[in-house]
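S.K.: One structure is given below, represented as structure tokens, and several questions about it will come after.
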Amino acid sequence: MFLWLWLIGWSAFALPVAIASLRGWAPKRVRSRTSPWAIRVRGVALLVMWLGGLTGPLLRWSDLAAEDASFLASVAQGGFLVFAGGLVAGSHLGEWFYRRAVRAQTVDHAGGISRQPW
């Protein structure tokens, strides 16, 4: 019974938020600080986390032995979480580098400083 509730509850929470993020929707405060591509990457990361949340119950229902299913579920869930964390960290780093480059470019143009070698 718990596995059914987990599948329904996790899917009801994570799936709509992930699909909305993939479509580019986010709250206004997030959209003002984040680019559309970063919002979509975070949507992909949430889909990966959703898949990780489904692996445990699905493997417990499989024909594997209980120990094998729990070991495989923990490895798969850990892998999904690390991959999703890498996606989120990559989007944060991309945003940081982009903002840093834009800030340096505006400072160069505003101050009349040229970084060209000649």
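The values are calculated or read from the model by the stated rules, or taken from the named source; none is laboratory data. Just so you know, these numbers come straight off a predicted model, no measurement behind them. Positions of Cβ are backbone-derived with ideal geometry, glycine not excepted, and every protein chain shown enters the neighbour counts. What goes into the accessible areas is simple: the full protein's heavy atoms, side chains included, and nothing from ligands, DNA or RNA. Shrake-Rupley method; radii C 1.70, N 1.55, O 1.52, S 1.80 Å.
S.K.: Treat every Asp and Glu Cβ in the chain as -1 and every Lys and Arg Cβ as +1, leave all other atoms uncharged, and give the resulting dipole magnitude about the Cα centre to the nearest 20 debye.
M.R.: With Lys and Arg at +1 and Asp and Glu at -1, about 900 debye.
S.K.: Now for a separate question. Calculate, for R23 and A101, the FRET efficiency according to 1/(1 + (r/R0)^6) with r their C-beta to C-beta distance and R0 22 Å; round to the nearest 0.05.
M.R.: That pair, R23 with A101, gives E of 0.20.
S.K.: If you don't mind, there's one more thing I want to ask. Choose one of G56, A73, I8: the residue whose Cα lies farthest towards the positive end of the charge dipole of the chain (beta-carbon charges +1 Lys, Arg; -1 Asp, Glu; about the Cα centre).
M.R.: Ranked along the dipole, the leading option is I8.
S.K.: For L81 and I8, calculate 0.36 nm times their separation in residues minus their Cα-Cα distance, and state this gained length in nm to one decimal.
M.R.: Gain on extension, L81 to I8, equals 24.3 nm.
S.K.: If the only charges are +1 at each Lys and Arg Cβ and -1 at each Asp and Glu Cβ, what is the size of the charge dipole of region 49-104 around the Cα centre, to the nearest 20 debye?
M.R.: Rounded to the nearest 20 debye, it is 540 debye.
S.K.: Further question: In region 1-69, what percent of the accessible surface is made up of carbon and sulfur (1.4 Å probe, ligands and nucleic acids excluded)?
M.R.: Using a 1.4 Å probe with all protein chains present, region 1-69 comes out at 70 percent carbon and sulfur.
S.K.: Could you run the Karplus curve 6.51 cos²θ - 1.76 cosθ + 1.60 with θ = phi - 60° over region 89-106 and give me ³J(HN,Hα) per residue in whole Hz, x for Gly and Pro?
M.R.: Calculated HN-Hα couplings, in order: 5, x, 5, 5, 5, x, 4, 5, 5, 5, 5, 5, 5, 5, 5, 5, 5, 5 Hz.
S.K.: Something else about it: Can you give me the angle between helix 36-60 and the longest principal axis of the chain, using Cα atoms only, in degrees from 0 to 90, rounded to the nearest 10?
M.R.: Tilt of helix 36-60: around 10 degrees.
S.K.: Put one equal scatterer on each alpha carbon of region 42-94, apply the Debye formula with no solvent term, and list log10 I(q)/I(0) at q = 0.18, 0.25, 0.26, 0.31 1/Å to two decimals.
M.R.: Ignoring solvent entirely, the Cα scatterers give -0.57, -0.84, -0.88, -1.07.
S.K.: Just to be sure I understand: if I project the alpha-carbon convex hull of the chain onto a plane and average over all orientations, what area do I get in nm²?
M.R.: For the chain, the mean projected area of the Cα convex hull comes to 10.6 nm².
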